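A short write-up of the structure that comes next.
The values are calculated or read from the model by the stated rules, or taken from the named source; none is laboratory data. Computed from a predicted model, the values in this text were never measured in an experiment. Glycine also receives a Cβ, built like all others from the backbone with ideal geometry; neighbour counts cover every protein chain displayed. Note: accessible area is taken over every heavy atom of the protein model, side chains too, but ligands, DNA and RNA are not part of it. Shrake-Rupley method; radii C 1.70, N 1.55, O 1.52, S 1.80 Å.
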Amino acid sequence: MNRTPPSDPSQVALRTLLAQVRAYIEYQQSSGVEAFPRTTGSVFPVAVSPVAGSGHAVPVQASASQAAPSPGTPQSAPPHTATHVAPVATDLFVLPGVQQAGTLGALREEIGDCRRCKLWSGRTHIVFGVGNPQARLMFVGEGPGRDEDLQAEPFVGRAGQLLTEIITKGMKMRREDVYIANVIKCRPPQNRNPEPDEIAACQPFLLRQIELIRPQVLVALGTFAAQTLLGSRVPISRLRGHWYDYHGVKLMPTLHPAYLLRNPNDKKLVWADIKMVLSELER
Ligand code: URA
């Protein structure tokens, strides 16, 4: 089989979708499901609503007959959109138990001693998330590194220290007042990039975390978080600095703190994004 990573965005989107379908079917089979209904509901109670130009994220009631626009539609038009934004098939992410989890604790229990993807064998801990379950501000990173894997808490290593400084010194907030999670909840070997099947296996849990917390603002840290949440392959350098509507929640992609450790000159870009987030939180 050809394992060369595709460069064409539509090929990437197709491969990701196939990996998601595969992970979903395997998970259902491992749960004893032998057949699938012709239609399913959506994991979110609201449809994705692009509100171009309004500056507001407006939840829209989902209806079975309504075709939801793609997640990740920017609210102020950056110089890219439709051709790069792949739709996320949220219907695939309806998992038994996840929808019924009414609290973060119940959701963590649903994850259990997870073996839904291959990352379980190398992890020390599942890194679920940390912070205020009613946070108005939620950060989503890529995945645990060594320190996070050992301590079972996201963003506690060097990149985490920088994120904590952004929150406490830059935003004048307390780390415990925000919520911090990752796209994938187990550390990849040698901190390699998460693979599509791993992202797909974890995605229902991240979506439900966001749904339960329902923050006013989501900040996607770095390429993987931004591209996963937006169903996009547009580079983070182009996604950042613009507002997106994520299922009725305002989403700001920005650069990852680990990138900033290597490129401190770009801290000013993150500060510009964070100032937009602060303005939104003050509204
Ligand atoms: N980088 C991430 O994306 N997440 C963490 O939890 C730590 C480092």
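Just a few scattered comments:
- Members of segment 176-193 that are touching a residue at least 40 places away in the same chain (Cβ under 8 Å) and out of contact with any helix residue (DSSP H, G or I) (no Cβ under 9 Å at 6 or more places or on another chain): GLU176
- Total residues in segment 149-175, condition touching a residue at least 24 places away in the same chain (Cβ under 8 Å) and either within 22 Å of ARG108 (Cβ to Cβ) or open to solvent by 40 Å² or more (accessible area, probe 1.4 Å) (or both): 12
- Selected residue (criterion: least open to solvent (accessible area, probe 1.4 Å)) from residues of segment 111-148 that are free of Cβ contacts under 8 Å to residues at least 60 places away in the same chain and more than 24 Å from LEU162 (Cα to Cα): GLY112
A quick yes/no check of all residues on (1) surrounded by fewer than 21 Cβ atoms within 10 Å (Cβ to Cβ); (2) within 16 Å of the ligand (Cβ to nearest atom); (3) among the charged types (D, E, K, R):
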{"position": "PRO196", "(1), (2), (3)": "yes, no, no"}
{"position": "LEU206", "(1), (2), (3)": "no, yes, no"}
{"position": "GLN209", "(1), (2), (3)": "no, yes, no"}
{"position": "GLY241", "(1), (2), (3)": "yes, no, no"}
{"position": "LYS268", "(1), (2), (3)": "yes, no, yes"}
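- Qualifying residue in segment 263-283 (condition: over 14 Å from MET138 (Cα atoms), of a type in the set (Lys, Arg) and at pLDDT below 95): yes
- Filter result (among the aliphatic types (A, V, I, L, M), open to solvent by 20 Å² or more (accessible area, probe 1.4 Å) and within 16 Å of HIS256 (Cα to Cα)) within segment 211-239: ILE236
- Matching residues, segment 224-243, being in contact (Cβ under 8 Å) with a residue 40 or more places away in the chain, farther than 22 Å from ILE111 by Cα and within 13 Å of the chain's Cα centre (by Cα): LEU230, GLY231, SER232
- Residue in segment 212-219 that is more than 17 Å from PRO253 (Cβ to Cβ) and touching a residue at least 40 places away in the same chain (Cβ under 8 Å) present: yes
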